[in-house]
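Bear in mind that the values in this text are calculations on the coordinates, not laboratory data. The shown structure was predicted, so the numbers you read here are calculated from the model rather than taken from an experiment. Cβ: placed from backbone, ideal geometry, glycine included. Neighbour counts: every protein chain shown.
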Amino acid sequence: WGDLNTKLLAALAAGSPPDLTHLNPFMTASLYTKGLLRPMDELIRALGESDIHEATLKLQYFDGKYYGVTHAMGATYFAERRDLREKNGIKPPETYTDMLKLAEAMTERGRFAVQMPGEKLYMGFVHPAEWLAGNGGAWVDAKTWRPQLNSKSMIESLEYAQKLNKFMPAGWSGQKYLDTLAALANGKISMAYLSGARTIGYIEKYAPEGTRDPEHFAPMLRPHGPSGQRGISALDGENWAAFTQSKYPSEAFEFLRVFYKKENYLAYCHSVPIHLTPIFKSMINDPAYLANERIKKWKPWHDVMVTGLRDKRFLPIGFSRPEDNVLPFLAELDGSGIVADMVVEVMVGGKNPKAEADRAQRRAEELLAQLNFKRWS
């Protein structure tokens, strides 16, 4: 996933894209404006347009047509050692300040509080989007598209991230997402910064006997910053897409019709239960879906997914607000590494957050101007 964007852009440039692929939602508008995506309205109607969850239905909807359909819904959040937090008498954090206090309390001899994944997609784009969304900010001004990388919302979040870095193991930026899940399961850290229900598999495989249950390991939604009102977590749900250059589009769409047939789709969602929550509202609480043994055992994790959807605590990966689905340059902003460089300099390099935010702002303005997306004077 960390280099999906890069590989797809290279394949498109070479004129040989796959017939069917997953896309990170923040890539879709960029590809649509270039005329590279095939519409799939007929497929959406066949699947049941009104039954697809509102959180994903229109993420790839442009000018009255659908250009994608989400494969399944997961959510990203902290995975915590719930028992250790409760032993310290601390409630789940609501604010950045709460989170820093929790991290300090959860740092014990031989165990760090938290670890963030080092892949640039995550710590350099997905998490900054969550920071902006949960702290009253946005990637760009809604009208002028001027970048907001040195906004108060981003600077406050960078200051928070820099402080949180003190409670992470040295060298975390060189480790990957799956390394953090293993570290949580085997007790090296108390919280994995990026987690989803797939973490359950690591817990059941690597955690000590007697702790492989939701009383010891639990999901924890994001805190909000001083300029925000509620924390926002990323909705992990890539969309299927077919390209105008695809050689076998009819076969691609036929595959999707088979993929979403109830018996096939149920088996797919049960392959990683809860992390692959169905996109169909009728299936989320369907007894056939809930009958899975892992879902029954880890029901509190399923409940977090359902309540998060209900309370609008999730935004698609890379989005700072719902309207970001129409921004035609988020893929390029991610691919430029501008945001990732800023985060690394602040968190790992210990640089001044405002100075690095100002530098990133200048670079982002230059990028959008080069791409002919400059609307500000």
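Both numbers refer to the Cα atoms of the range 115-253; Rg and Dmax are 18.3, 55 Å.
Grab the beta carbon distance between GLU94 and LYS299, set R0 = 25 Å, and tell me the FRET efficiency rounded to 0.05.
0.55
Computed from the alpha carbon positions, the gyration tensor of the range 236-284 leads to an equivalent ellipsoid with semi-axes of 23, 12, 9 Å, biggest first. Cα centroid separation, the range 188-210 to the range 291-332: 19 Å.
Over all other residues within a Cβ to Cβ distance under 11 Å of MET283, the charged ones net out to 0, with Lys and Arg as +1 and Asp and Glu as -1.
When a/c is below 1.5 the answer is rounded, else prolate if a/b is larger than b/c, else oblate, so apply that to the range 177-329 with a ≥ b ≥ c taken from the square roots of the Cα gyration tensor eigenvalues. Oblate. Eigen-decomposition of the gyration tensor built on the alpha-carbon atoms of the range 46-144 gives equivalent ellipsoid semi-axes of 36, 18, 13 angstrom, largest listed first. Taking each residue as 0.36 nm, the span from LEU290 to ALA369 lengthens on full extension beyond its C-alpha to C-alpha distance by 23.5 nm. Could you give me D for the range 128-194, from Stokes-Einstein at 4 °C and 1.567 mPa s, where the hydrodynamic radius is the Kirkwood radius over C-alpha pairs? Units µm² s⁻¹, please. Reported coefficient: 94 µm²/s. Shown here for the range 197-294: GluC sites (Glu not before Pro) in loop regions (DSSP other than H, G, I, E, B) with at most 16 other Cβ atoms within 10 Å, namely GLU209, GLU215. Taking packing as the residue-averaged number of other Cβ atoms within 10 angstrom, the listed peptides 112-121, 356-365 run from highest to lowest as 112-121, 356-365. Under 23 Å of direct C-alpha separation, and excluding same-chain neighbours fewer than eight residues apart, LYS312 reaches these lysines: LYS58, LYS91, LYS281, LYS299.
Here the average projected area of the convex hull drawn through the C-alpha atoms of the range 26-96 stands at 7.7 nm². Segment LYS7..ASP179, full-extension length gain: 59.6 nm, with 0.36 nm per residue of separation and the alpha-carbon distance subtracted.
Tell me whether the range 246-326 comes out rounded, prolate or oblate; compute the Cα gyration tensor, take square roots of the eigenvalues as a ≥ b ≥ c, and use a/c under 1.5 as the rounded threshold.
Oblate shape, in that a/c is at least 1.5 and b/c is the bigger or equal ratio.
In µm²/s, what is D for the range 278-377 at 10 °C and 1.306 mPa s, where D = kT/(6 pi eta Rh) by Stokes-Einstein and Rh is the Kirkwood radius from Cα pairs? Answer from the Stokes-Einstein relation: 92 µm²/s. Qualifying GluC sites (Glu not before Pro) in the range 1-73, where qualification requires a DSSP coil assignment and no more than 11 other C-beta atoms within 10 Å, comprise GLU54. When you filter the trypsin sites (Lys or Arg not before Pro) in the range 210-283 for DSSP loop state and at most 12 other Cβ atoms inside 10 Å of their Cβ, you are left with LYS247, LYS261. Share of pairwise Cα-Cα distances greater than 17 Å in the range 98-159 is 53 percent (whole percent). Just report the Cα centroid separation between the range 9-25 and the range 224-266, whole Å. Taking the Cα centre of each part, the range 9-25 and the range 224-266 sit 15 Å apart.
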